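Okay, structure first, notes after.
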């Protein structure tokens with residue numbers, strides 16, 4: 001195939017799948033609202049099941065539900081028939097994803113689900129299928145055609161099912177009043193959780209790693225203390241212990257250019273007075289934004305009284321995975 005033919009195939013696939021998703025919009029109505037209400041009122045878990053390619057889509061839907069405040073697990077229908085049905089409780093709701101609504105494994109599950117009195121919601125491309133007839137709510141995911149030239153490979157149909165599953169998850173998210181803090185609580189180990197959870201106090205340098213000097217201490221002595229602490233700057237305090245300024249490598253270079261004898265002078269003469277500061281309870285991402293906008297590397301951390309309690313170095317933020 002020539003490159004132009006390959007690109008034509010890609011465009012056709014994306015256009016077909018985009019059309020399949022767009023075609024769902026006019027079908028949204030009372031059934032979708034009923035499904036959201038059932039899922040919202042579920043006192044157990046949302047059990048998502050499906051076979052084959054739609055089963056993989058079901059796993060993603062289940063993961064999205066769980067990560068946005070709706071407890072969920074993915075149940076393989078074949079394994080359910082061999083003991084995993086014990087994972088399902090009477091307070092659960094089953095969300096079954098099946099384009100045909102007629103796969104053997106899904107059909108075999110239906111009588112057991114109904115015997116347990118569990119609500120069943122179907123995402124299916126055939127509203128007249130056995131799955132649909134057993135279901136309390138049917139959400140139509142039918143597509144005009146698959147993206148493959150033989151109209152066989154699940155492509156547009158699985159994309160449509162995924163989009164409708166996302167619509168359910170986001171509708172539930174908003175109905176629950178799920179906030180950023182809730183999202184962070186469920187994602188503590190990833191980049192999202194770090195951006196939403198990490199505070200300045202979690203990353204700032206304290207104690208011996210945060211050198212503090214009086215404004216009358218010499219520049220030379222201040223440099224010794226910075227080196228001993230393996231830091232990039234020192235905080236300069238006044239007689240009341242409040243932050244008066246910061247002394248950095250940049251301050252040293254600028255001071256030497258003006259006065260080669262600055263090393264023996266008081267650091268108060270070379271420091272940056274009234275520097276930009278941050279509070280320990282601020283989000284680390286906010287501190288990173290401040291550092292980036294001002295093109296500086298260190299940010300003193302002060303308490304409500306203006307007294308230094310730490311120093312935040314941009315390298316600490318980057319090492320924590322914040323970008």
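Each value in this text was obtained by applying a stated rule to the coordinates, not by laboratory testing. Not measured: the values here are computed from a predicted model. Using ideal geometry, Cβ is built from the backbone for each residue, glycine included, and neighbour counts are taken over all protein chains shown.
Within the listed set 20, 63, 228, the residue fluctuating most in the Gaussian network model of the chain (springs between alpha-carbon atoms under 10 angstrom) is 228.
Could you work out the helix-only [θ] at 222 nm for the chain, with each DSSP H run of four or more residues adding -39,500 (n - 2.57) and the total divided by the number of residues, to the nearest 500 deg cm²/dmol?
Details: 14 runs with 143 residues, N = 323.
Taking each H run of at least 4 residues, the total per residue is -13000 deg cm²/dmol.
Note on residue 12 and residue 142: with the Förster distance fixed at 22 Å, the Cβ-Cβ geometry gives a FRET efficiency of about 0.65.
Arrange 98, 33 by Cβ neighbour counts within 10 Å, fewest through most, would you? Walk me through the numbers before you get to the answer.
Details: 98 29, 33 12.
So the residues, fewest neighbours to most, are 33, 98.
With 0.36 nm allotted per residue and the present C-alpha distance subtracted, the residue 5-residue 41 stretch has 7.9 nm of extension available. Annotation: the residues 148, 42, sorted from fewest to most other C-beta atoms within 10 Å of their own C-beta, follow the order 148, 42.
Shape call for the stretch 200-319 from the C-alpha gyration tensor, a ≥ b ≥ c root eigenvalues: rounded (a/c under 1.5), prolate (a/b greater than b/c) or oblate? Walk me through the intermediate numbers first.
Working: a/c = 1.84, a/b = 1.53, b/c = 1.20.
The shape class here is prolate.
If contacts are Cα pairs under 8 angstrom and at least 6 residues apart, what is the relative contact order of the chain in percent? The partial results should precede the final answer.
Values: 576 pairs, mean separation 44.8, N = 323.
Dividing the mean separation by the residue count of the chain yields 14 percent.
Axis of helix 30-40 versus longest Cα principal axis of the chain: the two differ by about 60°, to the nearest ten degrees.
Restricting to Cα pairs below 8 Å that are 6+ residues apart, what does the relative contact order work out to for the stretch 200-319? Please round to a whole percent.
31 percent
Any idea what angle helix 156-176 forms with the longest principal axis of the chain, computed on alpha-carbon atoms, 0 to 90 degrees, nearest 10? Rounded to the nearest ten degrees, it is 60. Output the 0 to 90 degree angle, nearest 10, between the alpha-carbon long axis of helix 284-294 and the longest principal axis computed from the alpha carbons of the chain. Computed tilt is about 60 degrees.
Of all DSSP beta bridges in the chain, what percent run antiparallel (nearest 5)?
Working: 15 of 38 bridges.
For the chain, the DSSP antiparallel bridge percentage is about 40.
Here the stretch 13-45 and the stretch 58-105 have alpha carbon centers that stand 17 Å from each other. This ranking places 104, 134 by how few other beta-carbon atoms lie within 10 Å of each, fewest first, which gives 104, 134. For the stretch 79-140, averaging the sequence separation of C-alpha pairs within contact (under 8 Å, six or more residues apart) and dividing by the residue count gives a relative contact order of 33 percent.
Round to the nearest 0.05 the FRET efficiency obtained for residue 295 and residue 91 when R0 = 56 Å and r is the Cβ-Cβ distance.
Working: r = 56 Å, r/R0 = 0.99.
Plugging the Cβ-Cβ distance into 1/(1 + (r/R0)^6) gives 0.50.
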